[in-house]
């Protein structure tokens with residue numbers, strides 16, 4: 001699986017222009033952020049020690065994605081102006 005991911009990443013960067021790569025990476029980051037936020041909300045509804053531990057780990061993963069989301073949205077709005 002690791003070689004498949006590395007090969008796919010290499011092909012993505014070799015074959016596409018910067019604009020296409022930018023949109024693809026941005027879309028993946030936004031979709032991952034959405035999935036993690038939904039998972040965090042589901043875990044908040046569950047009561048238990050394990051749910052709280054997983055939620056704490058998800059919060060650590062969500063924070064950098066929120067920053068990436070802000071950068072993506074900022075650059076897209078910057079191109080519109």
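The table below lists the values:
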quantity: Answer from 40, 51, 68 - the residue that is assigned to a helix (DSSP H, G or I) and at pLDDT 90 or above; calculated: 40
quantity: Close pairs from segment 24-48: first within 19 Å of residue 8 (Cβ to Cβ), partner at pLDDT below 90 and outside any helix (DSSP H, G or I), Cβ under 8 Å, at least 6 apart; calculated: 24/16
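The values are calculated or read from the model by the stated rules, or taken from the named source; none is laboratory data. Predicted model, so just to flag it, every value in this text is computed and none were measured. FYI the Cβ positions are ideal-geometry reconstructions off the backbone, even for glycines, and counts take in every protein chain you see.
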